[in-house]
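Colleague: Pasting a structure below so you can have a look.
Since every read-out is calculated from the coordinates, none of them should be taken as a lab result. Remember, predicted model here, so these are calculated numbers, not experimental data. All Cβ positions, glycine included, derive from the backbone under ideal geometry; neighbour counts span all protein chains shown.
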């Protein structure tokens, strides 16, 4: 059973934020998230860490500027998720605006796997590029970079994943997480890294006089893509990332977005003038990811690079269809996973590893995330990957760095993991089918060592009680206007309510009428039909409900528990 807890609020910091003019509730929420002064909430582009602070960005810029001047051909090698697609689109748009001869290649994940492999280099070589530019991949591609070198092709790696023990011998590596890089924001997404390289390239071209007598390309025009990839990749929203996301959302709300982004909002049935981080992460991101999971991400990249509104809408509809198919596959896999989970004793375990030969490798990451959320255990889900291998995707909980955990397993069981890589919260690996049980045992041993019982206990962390006077539309609008996401969670409050009424809407949601301190308020409990008791204690967030052009306050119930009578 989950336990509702309350975040600690440093009172001195809270009072200082109030003195600086923040609303008392926003001050409390921000103080609990490590904000110590109002300036940390500002989102001007001038506040971004300069590109010169990102190791090798200027070297990469000089190489690209030389290549543009010499008319050399560049080929962007993309990844097959939303971060990789947006990073590729940023590179395509910016490099084209700078006069580069540039194309892109996005490998089919089911044929070529992940990263710049020698097989992908051979495929890329068919178009005779002088330079390969990796986006959202490449930091582990030692053999692929060597293969490119043998063919006389230079490689610039732009990535954000954690490096292994050996770095590829590329012409330049731009990655905030590589050894020796002092860039303060280690949480840049792949699209953020590529955006920074393009900022450095523009500065280099400016220094060379490339824009003399003509308009300089405005890289602010691609910030909608940077925001989309950053949110969809679920990287922590530190100050730098919050600026990037805020600036991108501002442009989307003002109608200044790529035609593909506009089309994705249209097929999702959402108004971009009210765009939020939630929309990027849960409406647009999954539709782009569906292309990489079930088909070919080149479809998603074309959506983000076309300037033809009709073509963008046509592709967005195809992506929407793929996303519906992805959800159907996921539902079937979830049902089978539930059956498997019923036969396991999760309570005694510190991890979960699942495999079924009927599963689709494009959806195992989503499945792992669902199981992790339900049971609060780091989870890997595996599916067949061809060539006598199975491929797993994992999601972790706070307290277990997933990529480092895999590194431990690999060191203890040499030869067990054929390939692996990833982040703290998400990672992937490849095994032989016969080794699944051995991996599950080894991963469980590592998780048991690294996770405490307290970390395995499910807790719903809230911002405490909300004074009845603040239970209003104005505060909901104020909070909705801020940037929330991974590492900077949306405010969640906790109070007792009387349940005056409840009914099912949309076949799978509960619409509620609640009362507290003499006031009534509308509320929703999404994707849950279990009747709520009265009274109850609820963890909830404030939301703005709009119907027929009229906005009203609505609570969204995230968790509830009965109260002592």
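Colleague: Output needed for the stretch 46-319: three equivalent-ellipsoid semi-axes, defined as square roots of 5 times the C-alpha gyration tensor eigenvalues, in descending order, whole Å.
Modeller: Over the Cα atoms of the stretch 46-319, the ellipsoid semi-axes are 26, 21, 19 Å.
Colleague: For helix 436-450, report the angle its Cα long axis makes with the longest principal axis of the Cα atoms of the chain; keep it between 0 and 90° and round to the nearest 10°.
Modeller: For 436-450 against the chain, the angle is about 60 degrees.
Colleague: Still on this structure, I have one more. Relative to the longest principal axis of the C-alpha atoms of the chain, give the angle of the C-alpha long axis of helix 223-232, reported between 0 and 90° and rounded to the nearest 10°.
Modeller: Helix 223-232 sits roughly 60 degrees off the main axis of the chain.
Colleague: Percent antiparallel among DSSP beta bridges with both residues in the chain, to the nearest 5?
Modeller: 65 percent
Colleague: Now for a different question. In deg cm²/dmol and to the nearest 500, what is the mean residue ellipticity at 222 nm of the chain if only DSSP H runs of at least 4 residues count, each as -39500 (n - 2.57), divided by the residue total?
Modeller: About -12000 deg cm²/dmol.
Colleague: Taking the alpha-carbon centroid of each part, what is the distance from the stretch 1-52 to the stretch 521-551 in angstrom?
Modeller: Taking the Cα centre of the stretch 521-551 as reference, the centre of the stretch 1-52 is 26 Å away.
Colleague: When only Cα pairs under 8 Å and 6 or more residues apart are kept, what is the percent relative contact order across the chain?
Modeller: In percent, rounded to a whole number, it is 11.
Colleague: Hey, another quick one. By count of other Cβ within 10 Å, fewest leading, how are 423, 270 ordered?
Modeller: Listed from fewest to most nearby Cβ atoms, that is 270, 423.
Colleague: Can I ask one more? Fewest first, what order do 195, 547, 493 take by the number of other Cβ atoms within 10 Å?
Modeller: By the 10 Å Cβ count, ascending, the order reads 547, 493, 195.
Colleague: Next question. To the nearest 10 degrees, how steep is helix 82-97 against the longest Cα principal axis of the chain, on a 0 to 90 scale?
Modeller: 50 degrees
Colleague: List the residues of the stretch 352-394 whose backbone N lies under 15 Å from a point placed 7 Å from the Cα of residue 336 along the Cα-to-Cβ direction.
Modeller: Taking a point 7 Å out along Cα→Cβ of residue 336, the residues of the stretch 352-394 whose backbone N falls under 15 Å are 354-368, 381-386, 390-393.
Colleague: Take every Cα pair under 8 Å in the stretch 461-562 that's 6+ residues apart, average their separations, divide by the length, and report that relative contact order as a whole percent.
Modeller: Computed over the stretch 461-562, the figure is 26 percent.
Colleague: Sticking with this one: When the Cα centres of the stretch 117-174 and the stretch 443-513 are compared, how far apart do they sit, in Å?
Modeller: 43 Å
Colleague: Explain nothing, just the number: relative contact order of the stretch 46-319, from Cα pairs under 8 Å at least 6 residues apart, as a whole percent.
Modeller: 22 percent
Colleague: Could you put 343, 480, 330, 449 in order, starting from the residue whose Cβ has the fewest other Cβ atoms within 10 Å?
Modeller: So the residues, fewest neighbours to most, are 343, 449, 480, 330.
Colleague: Same structure, new question: Kindly rank 206-213, 427-434, 519-526 from highest to lowest mean number of other beta carbons found within 10 Å of each residue.
Modeller: 427-434, 519-526, 206-213
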